[in-house]
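A.B. asks: Dropping a structure here in structure tokens format, bear with me for questions.
The values are calculated or read from the model by the stated rules, or taken from the named source; none is laboratory data. Note that this is a predicted model, so its numbers are computed, not measured. Here the Cβ positions follow ideal geometry from the backbone for every residue, glycine too, while neighbour counts run over all protein chains shown. What goes into the accessible areas is simple: the full protein's heavy atoms, side chains included, and nothing from ligands, DNA or RNA. Shrake-Rupley method; radii C 1.70, N 1.55, O 1.52, S 1.80 Å.
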Amino acid sequence: MRVYGVTGWKNAGKTGLMERLVAEITGRGYSVSTVKHAHHSFDVDQPGRDSHRHRMAGANEVLLASGQRVALMQELRGAEEPTLASLLARLSPVDLVLIEGYKRQRHPKVEAFRAEPGNDLIAPSDDTIRAVASDTPLELDRPVFDLNDTAAIADFILSEVGL
């Protein structure tokens, strides 16, 4: 499976870039799935709904299905967080999986960078970052794209993965 990441510090523009890349790449006829890493607890369910009640009662997995979508919620209940590789293995085949976050994993990535938050670039110390998408000019040993030049970033990623 072809995978490519978008990484960066908080408020660097990762999610906006991911959203634009998904739209751009699917608009070119490719199938895309995404994986998003969260550093905090999150809930895709709503208190009071049947599926939420099932989970709160102790179910390890709750599969919610309709004519529009399927959602599988799994409670770790103290177990270790699944590895990225094990999560990728659960996905149906697609042309490309875009991964948001997972800074420390060894897949190829584009770093999203905004000057305003004042964070350091990750790229100089991480060889898995193949390019940077920035809102400010940078001098680096790898390609630097305008953060809003979605088409050029998509061209780069698709070329990198052979699509």
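A.B. asks: Which of the following residues is in a helix (DSSP H, G or I), over 21 Å from Ala112 (Cβ atoms) and open to solvent by less than 40 Å² (accessible area, probe 1.4 Å): Ser51, Ser86?
C.D. replies: Answer to the selection: Ser51.
A.B. asks: Ok, one more. Can you confirm whether the range 136-153 contains a residue that is of a type in the set (Asp, Glu), in contact (Cβ under 8 Å) with a residue 40 or more places away in the chain and either surrounded by 19 or more Cβ atoms within 10 Å (Cβ to Cβ) or assigned to a loop (DSSP other than H, G, I, E, B) (or both)?
C.D. replies: Within the range 136-153, not a single residue is of a type in the set (Asp, Glu), in contact (Cβ under 8 Å) with a residue 40 or more places away in the chain and either surrounded by 19 or more Cβ atoms within 10 Å (Cβ to Cβ) or assigned to a loop (DSSP other than H, G, I, E, B) (or both).
A.B. asks: Taking the range 1-41 as the region of interest, how many residues are over 9 Å from the mean Cα position of the chain (by Cα), in a loop (DSSP other than H, G, I, E, B) and either more than 22 Å from Ala89 (Cα to Cα) or of a type outside the set (Gly, Ala, Ser) (or both)?
C.D. replies: 14
A.B. asks: Further question on the same structure: What are the residues in the range 92-114 that are assigned to a loop (DSSP other than H, G, I, E, B) and either among the charged types (D, E, K, R) or open to solvent by less than 50 Å² (accessible area, probe 1.4 Å) (or both), if any?
C.D. replies: Filtering the range 92-114 for residues assigned to a loop (DSSP other than H, G, I, E, B) gives 92-95, 101-108, 114.
Within the range 92-114, Val94, Asp95, Gly101, Tyr102, Lys103, Arg104, Arg106, His107, Pro108, Arg114 meet the criteria.
A.B. asks: Considering only the range 20-29, I want to know if a residue exists there that is touching a residue at least 40 places away in the same chain (Cβ under 8 Å), open to solvent by less than 80 Å² (accessible area, probe 1.4 Å) and of a type in the set (Lys, Arg).
C.D. replies: So far as the range 20-29 goes, yes, one or more of its residues are touching a residue at least 40 places away in the same chain (Cβ under 8 Å), open to solvent by less than 80 Å² (accessible area, probe 1.4 Å) and of a type in the set (Lys, Arg).
A.B. asks: Another question about this same structure. From the list Gly78, Gly67, Gly58, Gly101, pick out the single residue that is of a type outside the set (S, T, N, Q) and closer than 22 Å to Trp9 by Cβ.
C.D. replies: Only one candidate passes the filter, namely Gly101.
A.B. asks: With Ala133, Ala59 as the choices, which residue is surrounded by 14 or more Cβ atoms within 10 Å (Cβ to Cβ), in contact with a Leu (Cβ under 8 Å, 6 or more places away or on another chain), small (Gly, Ala, Ser) and touching a residue at least 12 places away in the same chain (Cβ under 8 Å)?
C.D. replies: The unique qualifying residue is Ala133.
A.B. asks: Filter the range 115-130 for residues that are charged (D, E, K, R) and surrounded by 14 or more Cβ atoms within 10 Å (Cβ to Cβ); which is nearest to Thr15 (Cα to Cα)?
C.D. replies: Arg130
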